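Nothing in this text is a laboratory measurement; each read-out follows from the coordinates by a stated rule. Given the structure is predicted, the values throughout are model-derived calculations rather than measurements. Virtual Cβ from ideal backbone geometry, glycine too; neighbours counted across all protein chains shown.
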Amino acid sequence: MNRGTYQIKIKISQPVTIKIGKLGVYQFSPGIYIYTGRAGRGLAKRLLRHQRKNKPARWHIDYLTNHPHAIVTDVSIVNDDPEMECFVHQSMMANKNVVTPVKGFGSTDCTAGCPAHLVRVDR
């Protein structure tokens, strides 16, 4: 599978402040966060990249995963259709126990109206 929709689970172990590109500076509380993304090609390489530290920040998620107190704990391919990214994310948003910590995070090109593609899940 070279393309698809994926989710990354990230554990933040202590309060951190991170500058997220043009979105600005944000504080993240300790907890579990899930990012929903997509790759139209090169899915395996994209997922490996997201798990590395000290990479050039290309996407919003890179700013978060580069931080030493943000640990990727799980990566899952949800399906082989990158166009399902917003549907997958919105299905997760139906859960009342999720919070959008940074408006626009990972969703600047979203046409489905997602407030962000990152949520905190452990309230």
If amide H atoms are modeled at 1.01 Å from N in the peptide plane, then the residues at a separation of 5 or more from V78, or on another chain, having amide H under 5 Å from its own are T5, Y6, Q7
Lys and Arg at +1, Asp and Glu at -1: neighbours of T5 with Cβ under 12 Å from its Cβ sum to -1
Between beta-carbons, use under 13 Å as the cut-off and find the net charge around N79, counting Lys and Arg +1, Asp and Glu -1. -2
Report, in listed order, any pair from K19/K103; K45/K103; K19/K55; K19/K96 with a Cα-Cα distance greater than 25 Å. K45/K103; K19/K96
One finds the C-alpha centres of segment 62-113 and segment 33-56 to be spaced, in Å, by 12
Per-residue [θ]222 nm for the chain (sum of -39500 (n - 2.57) over DSSP H runs n ≥ 4, rounded to 500): -5000 deg cm²/dmol
Show me the three semi-axes of the equivalent ellipsoid for segment 1-69, from the C-alpha gyration tensor (sqrt of 5 times each eigenvalue), largest first, rounded to whole Å. 22, 13, 11
Which is farthest toward the positive dipole end of segment 1-66 among N66, L48, N2, measuring Cα position about the Cα centre, with Cβ charges +1 (Lys, Arg) and -1 (Asp, Glu)? N2
Have a look at S13, P101, V119 and report the one farthest towards the positive end of the charge dipole of the chain, computed about the Cα centre with Cβ charges (Lys/Arg +1, Asp/Glu -1). S13
Counting Lys and Arg as +1 and Asp and Glu as -1 over every other residue whose Cβ sits under 9 Å from the Cβ of R49, the net charge comes to +4
Just V78, V98, V25 to compare: in a GNM of the chain, with alpha carbon springs under 10 Å, which one fluctuates most? V25
Could I get the Rg over Rh figure for the chain? Both from C-alpha atoms, Rh via Kirkwood, rounded to two places. 0.93
The chain, dipole about Cα centre (Lys/Arg Cβ +1, Asp/Glu Cβ -1), debye to the nearest 20: 440
